C-alpha cells in the first residue's frame, strides 16, 4: 500500500483581527504525519490545537507557512481534491432532527459522486463495508439526533472512512464519552490506522489516554514550540512536565499521571508487596496527601502488607492491627494516628 505524507513547514497560526492586526497562536510549526500512524495533539486550552487542525485541513488560512499533502501544496488542491486527501471530524454538532444514520454516512461519499450527488453501487458497497467494520450496521436506519454520544462518534468515524482518504483528523473525539467508551474508541482508531493505513491525528485533553495509545505526540504550549516524538521519550525527557505542570500539580514520571504536590512531605507510609490490594492502598494514601514507599517485607519494621484478604499494620516488626478493607485502614490512620 502506498505511503502518504503530510508535511507542515514553518506554519504560523492565528487570526486576522478587525483592524488588520494578527493574533498569533503558534509560530514556525514544523511537523510530519504519515499514513498508518495514530498521533495525538496535546496542549492546554487556548494554545490553538483546534485552529491548527482547521488550518491543515484547509478550513482556515494560516498566517504564514505551508502545508503539503504528498508534495502538493494545500493552495494547489481544489476542494474536491483535498476532500480525497483528508476527512475531518470536528466538534460541530449535526442538529438536523430527521437525518438518519445512513444519510449522515452517505455524505462522506461526496468526493466520488457526480454533480447530482447520486450514489452508485460502489458507493453503497463502501458504506455497507464501513458500517460492518465499525460494528454499527444495526443502527443504520435510526435517527442520528437520537443516538448516544458514543454512537454518534462511531457514525462520524464511518462517514470519515467512506470518504476514503489517507488522513483523518478528529477534534476531541472522546470529549463526551464515558471512560470505557474512550478506551473502545481509541482501540478502534488505532486498529483503523494500522489495518487501513490511515494517518490519524486527533486533539485531546486526556493525557493518560494519549500516553497509552498515541504512537507519536505533538505537544503545544503557549509561547513554546510544537515538539513531536513518541510518548515514552517525551516523558523521560520531562517534556510532559515542561508543557503541562501547573502550580501545585506535577506529572509523576514513575506512574505516568498528574498528582498534587503533597502538603505532607514528611509523612511517608511504607508498604510491602505488589498485589492489586497494595496498589490500591497506595493510591488511597496518596489521595489523602501521603507519600508512599514500597520496600521488601523483611525490612518492613513499620508499615502495611496484605495477605489472604487482610491488611496488616506492623510497628517495630510486630503486627499491631489488622483491617479487612481500605476504608478501615484510612479511618484508623486518621483517628488513631498510626504512622
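Throughout, read-outs are computed from the coordinates displayed, never taken from laboratory work. Remember, predicted model here, so these are calculated numbers, not experimental data. Here Cβ is always computed from backbone atoms with ideal geometry, including for glycine, and neighbour counts include all displayed protein chains.
So between residue 128 and residue 78, what do we pick up on full extension, going 0.36 nm a residue minus the alpha carbon distance?
Values: separation 50, 0.36 × 50 = 18.00 nm, distance 2.81 nm.
In short, 15.2 nm is gained.
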With labels modelled as points extended 7 Å from the Cα through the Cβ direction, what inter-label distance (nm, one decimal) is found for residue 295 paired with residue 223? 4.5
Given a 10 angstrom Cα cut-off, can you work out which residue in 149, 171, 95 is the most mobile in a GNM of the chain? 95
Which of rounded, prolate or oblate describes the stretch 15-90 when judged by the alpha-carbon gyration tensor and an a/c cut-off of 1.5? oblate
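Under 1.5 on a/c is rounded, so check that first for the chain, then, if it is not, pick prolate when a/b is larger than b/c and oblate when it is not; a ≥ b ≥ c are the square roots of the alpha carbon gyration tensor eigenvalues.
Numbers: a/c = 2.84, a/b = 1.86, b/c = 1.53.
In terms of gyration-tensor shape, prolate.
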Suppose the chain between residue 93 and residue 257 were pulled fully straight at 0.36 nm per residue; how much longer would it get relative to their current alpha carbon spacing? 55.9 nm
When the chain is fully extended, how far beyond the present Cα-Cα distance does residue 32 get from residue 183, taking 0.36 nm per residue of separation? 51.8 nm
Could you work out the relative contact order of the chain, using alpha carbon pairs under 8 angstrom and six or more residues apart, expressed as a whole percent? 17
With the cut-off at 1.5 for a/c, could you classify the stretch 268-336 from its C-alpha gyration tensor as rounded, prolate or oblate? rounded
Of the residues 208, 96, 164, which exhibits the maximal mean-square fluctuation in a Gaussian network model of the chain defined by a 10 Å Cα contact cut-off? 96
Relative to the longest principal Cα axis of the chain, at what angle does helix 276-287 sit, 0 to 90 degrees, rounded to 10? 90
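Between residue 12 and residue 146, what is the FRET efficiency for a Förster distance of 51 Å, r being their Cβ-Cβ separation, to the nearest 0.05?
Details: r = 42 Å, r/R0 = 0.83.
Efficiency for this residue pair is about 0.75.
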Working from Cα positions, state the angle (0 to 90°, nearest 10) between the long axis of helix 149-162 and the longest principal axis of the chain. 40
Report, in degrees rounded to the nearest 10, the 0 to 90 angle that the Cα long axis of helix 179-195 makes with the longest principal axis of the chain. 50
Using the basic label-point model (7 angstrom from Cα toward the beta carbon), what is the residue 237 to residue 283 distance in nanometres? 3.1
DSSP beta bridges in the chain [antiparallel fraction, %, rounded to 5]: 60
